[in-house]
Amino acid sequence: MAWLTQDERDELLRHTVARAARDIPWYRERWGESWREVQGVDTLGALPLLTKDEATAHQHLLLAGPSAYVGTLSSGTLHGDRPPLRVLHSAAESEAWRTWMKARDIRAPSPHPAELVLDVRAMHHGLPDAPCPPDMLRIPWTPTPNTLRLLLELLSHPQPDGRRVTGLIMGSGALMAFIAWLFERGVEARTFQLRHVGTYGFRLSPHWRALVGDALGAEVYDNFSLSEFATPALQCAGCGHWHWHAPPLVAEVVDVHTGRPLEEGVGVQVLTGLYPFVQAMPLIRYWTGDLVELGPPCATAGERGFRFRGRASQCVLESGTTGDPVLVSPQDVQDFLEGRCEVARHPHAMELLGLVRSPDIGAVKFELDAPAPNHPRVSVELRFDPHVHPEPARALAGALAEALLRASAPLRRLEAERRGTLEVHVTGPGRLTRRWSKLDG
């Protein structure tokens with residue numbers, strides 16, 4: 001759905017930039033007079049990028065004014081003992097969006113208005129800043145027996161007004177644990193009458209997406225979002241890529257090495273919130289650190305979508321390359337390993353608490369590095385000693401190498417030119433310690 005015309009977007013962007021230059025200390029000092037060159041999306045590149053480290057270190061200078069903290073903690077800025085980025089929101093932002101929609105007689109798409117959506121909200125990013133709409137129930141996700149039983153109750157039975165929950169929004173890690181809990185109790189989840197399931201937190205692998213869809217008898221939708229922005233990106237049925245939803249924002253894709261805007265290929269997603277939908281703490285030309293691949297022009301959305309490829313800091317990249325620099329993405333490694341029972345897993349919190357017995361819901365154990373340029377290396381921990389069972393170990397290593405080569409045209413090219421190579425190693429239980437977290441931004 002086109003929430004804004006190009007002219008409307010350019011007008012809001014000009015107003016956003018002018019207001020930030022006037023009211024936000026960081027931008028006022030950093031930009032000087034360069035903000036006057038921004039007349040629309042096409043000229044936004046006149047402004048410098050705002051990195052995560054800069055936003056975190058100078059977050060007190062990014063506020064429009066003094067205010068009590070109500071907002072979200074950015075998980076993408078949680079590193080060691082450093083303070084996280086606290087993204088401030090205000091009630092005026094939600095009210096501005098509701099007012100904008102009402103003035104234009106726009107209603108959120110709802111093909112089944114009598115349906116009820118259950119929103120299972122993880123609270124570690126912060127409290128919701130708006131009440132539930134009439135067609136939604138919201139409960140907090142906590143790793144407790146009561147939460148699991150409450151979920152089962154809400155999905156199994158109609159509400160007092162007779163409606164059944166037909167839509168579910170739930171964090172991927174929690175959803176995997178809930179599905180395992182249902183399996184262990186022999187619950188026939190297809191009787192829930194669920195039709196749609198949306199996820200957040202990290203992207204479900206193809207294996208788990210199919211498993212959840214089959215268990216619940218529902219369509220599973222992968223949503224892409226960042227805690228710094230209220231706007232999610234939803235997968236398009238027309239082009240298969242993701243488009244930003246609402247409230248509207250400005251999205252750029254720039255070269256990972258030079259920062260120059262890209263029209264195609266793979267680059268870093270750069271986002272800008274728009275006034276009045278972002279007021280308390282505007283993030284302008286915010287370098288998300290997420291690598292995305294631009295899709296084809298989409299007739300349904302009227303713009304190019306994107307596909308997440310991984311965090312730039314976690315991927316092995318070909319140096320100095322524009323277009324597609326990704327040699328190996330941890331997302332592609334995870335996608336393959338999630339469907340293989342031979343691979344060891346880190347214990348899930350629900351398993352450690354004794355709420356779920358399954359050892360298959362934790363993050364797969366692997367490490368990705370590059371001992372030399374253009375020389376990616378993947379190490380995978382197995383549940384068995386590869387010296388005792390060498391054949392299945394070799395088979396898994398070979399299959400993983402083939403999958404990664406299929407996923408990466410640059411890696412295939414480098415190997416064909418003998419300028420790079422991929423190594424895959426397998427090891428026995430207890431050898432790897434690194435945990436890859438939130439692989440989908």
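Read-outs: derived from the displayed coordinates by stated rules, not from any lab. Since this is a predicted model, take the numbers as computed values, not measurements. In this analysis, Cβ positions are derived from the backbone assuming ideal geometry, glycine residues included, and neighbour counts consider all displayed protein chains.
General observations
- Projected label distance in nm at HIS387 and CYS236, using a 7 Å step from Cα toward the beta-carbon: 5.4 nm
- Extreme residue, positive dipole direction of the chain, given options GLN59, PRO429, GLY198 (C-beta unit charges): PRO429
- Placing +1 on the Cβ of every Lys and Arg and -1 on the Cβ of every Asp and Glu, with no other charges, gives the chain a dipole of roughly 600 debye about its Cα centre.
- Candidates GLN331, GLN314, GLN159, ranked by Gaussian network fluctuation over the chain, Cα under 10 Å, top entry: GLN159
- For the stretch 363-370, backbone phi angles converted through the Karplus equation (6.51, -1.76, 1.60; θ = phi - 60°) give residue-by-residue couplings of 5, 5, 8, 8, 9, 10, 8, 9 Hz, Gly and Pro being listed as x.
- Residue with peak Gaussian network fluctuation, the chain [Cα springs, cutoff 10 Å], from GLY40, GLY320, GLY201: GLY320
- Relative packing of peptides 290-297, 375-382 - highest average C-beta neighbours within 10 Å first: 375-382, 290-297
- At least 20 Å along the helix axis (C-alpha) and Kyte average at least -0.5, DSSP helices within the chain: 390-407
- Cα shape, the chain, gyration tensor, a/c 1.5 rule: oblate
- Around LEU137: net Lys/Arg minus Asp/Glu count, Cβ-Cβ under 15 Å: -1
- The chain: relative contact order in percent, alpha carbon pairs under 8 Å with at least 6 residues between: 13 percent
- Positive-end ranking of MET123, GLY354, GLY167 along the dipole of the chain, with charges on Cβ about the Cα centre, is headed by GLY354.
- Here the Kirkwood formula, the inverse mean of 1/r across different C-alpha pairs, assigns the stretch 310-441 a hydrodynamic radius of 15.5 Å.
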